[in-house]
Amino acid sequence: MESIISADHALFKLINQSWSNGLFDQIFPFITDLHKTLYFKIIFLVLIFGFHFYKFSKKGIFTGLACLLCVGITDWTGNQFFKKPIDRQRPFEFVHLETIQRTNAQPGSSFISNHAANMFALATFSSFIVPATGIILVPFAALAAYSRVYNGVHFPLDVLGGATWGVLLGFMFSQIVMRYLIQRKSKALT
């Protein structure tokens, strides 16, 4: 386990310090804090419901709400099942680890990255329900996850764990919703 943590810290140092540049110093804090802006929240909701409504008409309201529920449950379970029990310190809280912190973050549990979990849950769910959204959402989820390490608020294992949890829950939710849609369609045909 110690060698895994050591490799995690070494990769963190590469991303956070060695691979940094002025352009990334502007882009990644913006990406990581995007969810804090009102215009992003409004655009985000319009796009989610717009894609789902376009694909499914009235049922798009159901699939859009299911998408938001998926992200909400991913966020809640990330806190309850991982962050609280594991209670891993954030990189900037380690005394022996040099960290460049490029965005504000509260001290607290680092594993898992809920940013990564939420974005990958959204990307996975939407990719299965409305496949065209994956072209935009999967790369954006990867950028959001990477930004957490670059900005010094998570370790690579935190975002890998978060991405894995998000993909798992996004997939599970998408399968439930697709079964529901298929059942409704087959009932309508009979």
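Given Cα pairs under 8 Å that are at least 6 residues apart, what percent is the relative contact order of the chain?
Here the relative contact order equals 27 percent.
From the backbone phi of the range 4-15, what are the Karplus-calculated ³J(HN,Hα) couplings (6.51 cos²θ - 1.76 cosθ + 1.60, θ = phi - 60°) in whole Hz, Gly and Pro given as x?
5, 5, 5, 5, 4, 5, 5, 5, 4, 4, 4, 5
Could you give the Stokes-Einstein D for the range 65-190 in µm² per second, using the C-alpha Kirkwood radius, 20 °C, 1.002 mPa s?
Using the Kirkwood radius from Cα pairs, D works out to 140 µm²/s.
Sorting H52, H115, H96, H35 on the 10 Å Cβ count, fewest up front, what's the list?
H96, H35, H52, H115
Short version: ³J(HN,Hα) in whole Hz for each residue of the range 55-62, in order, from phi by Karplus 6.51 cos²θ - 1.76 cosθ + 1.60 (θ = phi - 60°), x for Gly and Pro, what are they?
Per residue, the Karplus-derived 3J(HN,Hα) values read 6, 10, 6, 5, 5, x, 5, 4 Hz.
Test of understanding: in a Gaussian network model of the chain with alpha carbons linked when under 10 Å, which of K55, K36, K84 would top the mean-square fluctuation ranking?
Greatest mean-square fluctuation among the candidates belongs to K36.
How would I129, I4 line up from fewest to most surrounding beta-carbon atoms within 10 angstrom?
Fewest to most other Cβ atoms nearby, the residues stand as I4, I129.
Measure nothing but the geometry: give the 0 to 90° angle between the long axis through the Cα atoms of 114-129 and the longest principal axis through the Cα atoms of the chain, rounded to 10°.
30 degrees
Jot down the per residue volume, in cubic angstrom and as a whole number, of the convex hull over the alpha-carbon atoms of the range 124-183.
Given the Cα convex hull of the range 124-183, per-residue volume reads 55 Å³.
Quick one: compute a quarter of the convex hull surface over the Cα atoms of the range 1-149 and quote it in nm².
Spelled out: convex hull of the Cα atoms, projected over all directions, averaged, 9.9 nm².
Could you list S147, S174, S109 so that the one with the fewest beta carbons within 10 Å of its beta carbon is first and the one with the most is last?
If I rank by nearby Cβ atoms, fewest first, I get S109, S174, S147.
For the chain, what is the mean residue ellipticity at 222 nm derived from helices alone (per DSSP H run of n ≥ 4: -39500 (n - 2.57); sum divided by total residues; nearest 500 deg cm²/dmol)?
-23000 deg cm²/dmol
Taken together, the values in this text are just the output of simple stated rules run on the coordinates, not laboratory data. Just so it is clear, the structure is predicted and the values come from calculations on it, not from any experiment. Don't worry about glycine lacking a Cβ; one is built from the backbone with ideal geometry, like all the others, and counts go over all protein chains shown.
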